[in-house]
Amino acid sequence: MNLTFRQLKVFEAVARHLSYTQAAQALHLTQPAVSMQIKQLEENVGLPLFEQMGKRVYLTEAGREMHHYCRSIAAQLEEAEAVIEQLKGVQRGHLQISVATTANHFATRLLAEFVKRNEGVSFSLDVTNRKKLLNQLAENECDLVIMGRPPADMDLVAEAFMDNPLVVVAAKGHPLVGRKIQLSALQDEVFVTREQGSGTRIAMERFFREKNVQVNLEMEMTSNEAIKQAVEAGLGLGLVSIHTLELELETGRLAILDVEEFPIFRHWYVVYRKGKRLAPIAQAFRQFVHDEALLLQGAAMPNEYKKQ
Ligand code: PGA
């Protein structure tokens, strides 16, 4: 077979998206250019790799085989690139970081500090929820991810670097503020909650299920900012990471309730695919997160929420 890397790259994108249009967008090519590369590749291979039924594109059996090998070739090439960079001692480059919506409250500050200290570094930051982060890891679409604990059945390295206490918040005039509250007092309370797929939401549901407390979770929002505003406006209670609360605690707009068994202690992890050879710049950022996250965030967290 007389293939080119370019053909393989285009093939990989079409196979991943199962769409010529989306592959063209991802590669910044036109759709005819993508079709042409695939046509040439199919001629080289001597078998069709895709079949089109109606508007949908499917991989043929040969296509599936090619896709399997393509992915390991791409991973090997990436690894070779990282090793060469390491040999050159390169400390510059582009970081592709994805973080959980909630982690964004400190991750941006971390990245900004890292960039200040390392001239020549640029980054792309994607902020999204847990479910999408796991997809990105599965597809090898980013260097490093900052999120809550990933599932054990995925081939990932997950290194804990900081506590993530989850607390119950209320508007400042709420009748529960300033009282010692038993868990059972939350029965049937309305909580303004994050969407399905959020790590905070999963932890919250698990906690209340284990404690046998039924709460009302009918009001869903995809952003912590929106939740805080809704709570402040008196729509219900909120259950959020303490990392989202810096400003609200400072200004006294929201109060953390003193509920028994709270906070729920979770951790933040820096995560990457097992076996991935991180480029030196990604390696340096990973180390930076371990060394600096606590220092940068510690100042913002009230003492009683720092785990003993
Ligand atoms: P999220 O946070 O709720 O913003 O998805 C991630 C997590 O806590 O696991």
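Throughout, read-outs are computed from the coordinates displayed, never taken from laboratory work. A quick note: this is a predicted structure, and the numbers were derived from the prediction, not measured. In this analysis, Cβ positions are derived from the backbone assuming ideal geometry, glycine residues included, and neighbour counts consider all displayed protein chains.
May I ask you to list the lysines whose Cα is less than 17 Å away from that of Lys9, ignoring any residue fewer than eight positions away on the same chain?
Straight-distance partners of Lys9: Lys39.
What's the exposure ranking of Ile242, Ile73, Ile264, going from fewest to most Cβ atoms within 10 Å?
Ascending Cβ contact count within 10 Å gives the list Ile73, Ile264, Ile242.
Order by neighbour count: Glu61, Glu246, Glu85, fewest other Cβ atoms within 10 Å first, most last.
Least to most surrounded, the residues fall as Glu61, Glu246, Glu85.
Label Glu119 and Arg56 with points 7 Å out from Cα along Cα→Cβ: what is the distance between them in nm?
Spacing of the two 7 Å Cα→Cβ label points: 5.4 nm.
Of Phe5, Met66, Gln40, whose Cα points farthest to the positive end of the dipole of the stretch 5-74 (charges on the beta-carbon: +1 Lys, Arg; -1 Asp, Glu; origin at the Cα centre)?
It is Phe5, whose Cα lies furthest towards the positive end.
Can you give the calculated 222 nm mean residue ellipticity of the chain, where each DSSP H run of n ≥ 4 adds -39,500 (n - 2.57) and the sum is split over every residue, rounded to the nearest 500 deg cm²/dmol?
-14000 deg cm²/dmol
Between 0 and 90 degrees, rounded to the nearest ten: what's the tilt of helix 5-17 against the longest Cα principal axis of the chain?
50 degrees
Residues with amide H under 5 Å of Val215's amide H, sequence separation 5 or more or different chain, H placed in the peptide plane at 1.01 Å from N; which?
For Val215, the qualifying residues are Asp188.
Cα centroids of the stretch 15-40 and the stretch 241-299: how far apart, whole angstrom?
Between the Cα centre of the stretch 15-40 and that of the stretch 241-299, the gap is 39 Å.
Going by alpha carbons, how many degrees (0 to 90, nearest 10) lie between the helix axis of 199-210 and the longest principal axis of the chain?
Between helix and principal axis, roughly 50 degrees.
Radius of gyration and Dmax for the chain's Cα atoms, expressed in Å?
23.5, 75
Which FRET efficiency value, to the nearest 0.05, is calculated for Asn216 and Ala185 with the Förster distance at 25 angstrom and r the Cβ-Cβ distance?
Between Asn216 and Ala185 the formula returns 0.95.
Of Ile84, Ile227, Ile256, how do they rank once you tally other Cβ atoms within 10 Å and put the fewest first?
Ile84, Ile256, Ile227
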